[in-house]
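Below is one structure; the comments refer to it alone.
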Amino acid sequence: MRPHETPAVFGGRPAQRLLKVVDGLTFARGDWNPQQCAWLAGTPDAFVPDLPWGAVLTSEDADGGPSDPRYAHAPVGTAPATQPDERPRIRVSQRGAAAPGDVIELLPERHRIRTRYRRGANANTLFATERCNSHCLMCSQPPRRVDDDWRVKDLLEVIALLDDDVPELGLSGGEPTLLGDGLLDILRACRDRLPGTAMHVLSNGRRFGTTSLANGVAGLRHPHLTWGVPLYADVADVHDYVVQSAGAFDETLRGLLVMASKGLSFEIRVVLTAPTVARLPALADFIWRHLPAAVHVAFMGLEPIGFALANRNALWVDPADMSEPLTRAVHYLANRGMAVSLYNLPLCVLPTALRPFARRSISDWKQRYLDTCDGCAVRERCAGFFEWVKPGWIPRGLHALNDVEAHEA
């Protein structure tokens with residue numbers, strides 16, 4: 001999988017920070033301004049159409065390589081003396097670092113390019129803010145108190161460069177609702193630019209208790225917008241402990257009820273941790289009785305990064321030790337007609353009765369399989385592991401499923 005950031009050598013100073021990567025077919029099929037595009041040339045000597053491209057991309061391991069005189073010792077902000085035209089040229093360190101349809105951010109001061117959107121990826125997500133009004137014990141993106149309202153303008157520029165047939169797009173943080181009206185601007189741009197794209201926004205839901213936000217979102221009439229809201233327990237003290245914020249349970253529940261009253265689509269997300277697993281059956285009953293409008297309930301394995309690393313001893317539960325309450329909770333909801341899924345859990349460590357609910361949920365750029373997974377008959381539909389999994393986070397009982405077990409899964 002291509003990395004999010006790739007080393008690059010800049011020959012010339014690009015005028016645009018964000019560019020759409022194009023080849024002939026991508027450019028012909030879209031109404032793109034060439035100044036907002038990076039032409040993917042491949043080799044330094046490849047044909048480049050005579051248009052005012054924002055940049056021309058070549059790769060270091062293509063013919064011409066790092067010794068190509070147009071890039072030799074080219075300092076950032078200057079064009080090599082032998083460059084045949086004034087279009088900035090960028091040499092990336094590996095072939096395939098960018099592909100047609102991608103949106104890239106140019107970071108010449110760091111000698112890198114960053115991929116902001118990857119065509120064909122299974123999980124493209126816009127990052128809204130580093131701020132959050134919760135402080136969850138297992139947060140994979142620890143919040144920071146910063147003024148990053150500038151991200152609204154940045155995301156609007158990214159959205160303008162996206163393929164208009166993106167099947168699904170996420171928005172996450174931090175807590176996106178802290179952007180205020182800027183969030184509405186982002187969602188409005190997605191509605192107008194990508195009317196057929198399913199939008200999924202991760203939010204703790206706490207600010208929806210004020211009807212002004214709910215009214216604003218409802219007024220957008222986005223046709224394919226769903227909110228993913230975490231609820232970790234059926235009682236306040238457990239939920240508030242996990243999110244490290246007193247009163248959060250009441251605010252989240254109030255927000256969810258207001259969202260339901262406004263006809264907003266939402267799912268409930270439950271991260272599986274030691275403080276919460278014993279109450280999973282009670283939580284399932286609570287969701288069914290009080291939040292029947294939820295379109296989906298996802299029970300999620302821990303991501304071993306961020307705050308989870310420091311809090312492992314307080315959070316980690318081996319899947320084998322949660323199978324009984326998890327099975328009861330999942331089947332309680334499924335038997336009542338609610339859509340239920342299991343995320344971030346390998347198939348082989350789940351009871352047979354739970355395997356049909358497991359999804360290949362981990363984003364392709366951060367998914368990996370262990371040596372134990374070699375030869376597994378269901379590898380292509382298993383969530384696998386996060387790229388940064390380490391000993392201590394690997395469940396016991398891990399094994400490659402054979403054909404008979406695969407049939408049962």
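Here, each number is a calculation from the coordinates, and none is a lab measurement. Everything numeric here is computed off the predicted structure, so don't read it as measured data. Note that we place each Cβ from the backbone using ideal geometry, even for glycine, and neighbour counts take in every protein chain shown.
Please work out which option in (i) -0.24, -0.33, -1.45; (ii) -0.23, -0.32, -1.31; (iii) -0.29, -0.39, -1.25 gives log10 I(q)/I(0) by the Debye sum over Cα atoms at q = 0.06, 0.07, 0.14 Å⁻¹ calculated from these coordinates, and answer with its label.
(iii)
Whole-Hz ³J(HN,Hα) for each residue in region 378-388, computed from phi via Karplus 6.51 cos²θ - 1.76 cosθ + 1.60 with θ = phi - 60°, x for glycine and proline: what do you get?
10, 3, 5, 10, 9, 4, x, 9, 6, 3, 9
If you average the sequence gap of Cα pairs under 8 Å that are 6 or more apart and divide by the length of region 305-375, what percent do you get for the contact order?
Taking the mean separation of contacting Cα pairs over the length of region 305-375, I get 25 percent.
Sorted by average packing, counted as other Cβ atoms within 10 angstrom per residue and highest first, what order do 342-348, 322-328, 150-156 take?
Averaged packing, sorted descending, gives the order 342-348, 322-328, 150-156.
Given springs between every Cα pair under 10 Å in a Gaussian network model of the chain, which of 307, 208, 47 has the largest fluctuation?
Taking springs between Cα atoms under 10 Å, the residue moving most is 47.
Quick check on the exposure proxy: order 376, 190 from fewest to most C-beta atoms within 10 angstrom.
376, 190
Enumerate the calculated ³J(HN,Hα) couplings along region 157-168 in order (Karplus 6.51 cos²θ - 1.76 cosθ + 1.60, θ = phi - 60°), each rounded to whole Hz, writing x wherever the residue is Gly or Pro.
5, 5, 4, 5, 9, 6, 4, 7, 10, 4, x, 8
Pull up all non-local amide H partners of residue 197: gap of 5 or more, or a different chain, and H-to-H distance under 5 Å with H placed in the peptide plane.
So residue 197 has HN proximity to no qualifying residue.
State, as an integer percentage, the relative contact order of the chain based on alpha-carbon contacts under 8 Å between residues 6 or more apart.
Result for the chain is 12 percent.
Return the whole-Å distance between the Cα centroid of region 374-409 and the Cα centroid of region 298-318.
The distance from the Cα centre of region 374-409 to that of region 298-318 comes to 19 Å.
Under 5 Å between amide hydrogens, which residues at least 5 positions from residue 37 or on another chain qualify, with H placed 1.01 Å from N in the peptide plane?
Counting only residues 5 or more places away or on other chains, the set is 20, 54, 55.
What lysines does residue 390 reach when the alpha-carbon gap must be under 26 Å and sequence neighbours fewer than 8 apart in one chain are set aside?
In chain and number order, the partners are 366.
Angle, helix 181-193 long axis vs. longest principal axis of the chain, Cα atoms, 0 to 90°, nearest 10?
Approximately 70 degrees, to the nearest ten.
With θ taken as phi - 60° and the coefficients 6.51, -1.76 and 1.60, list the Karplus ³J(HN,Hα) couplings across region 327-341 in order, rounded to whole Hz; mark glycine and proline as x.
These are the phi-based 3J(HN,Hα) values: 4, 4, 5, 4, 6, 4, 6, 4, 5, 9, x, 8, 6, 10, 9 Hz.
When the chain is fully extended, how far beyond the present Cα-Cα distance does residue 35 get from residue 181, taking 0.36 nm per residue of separation?
Net length gain for the segment: 49.6 nm.
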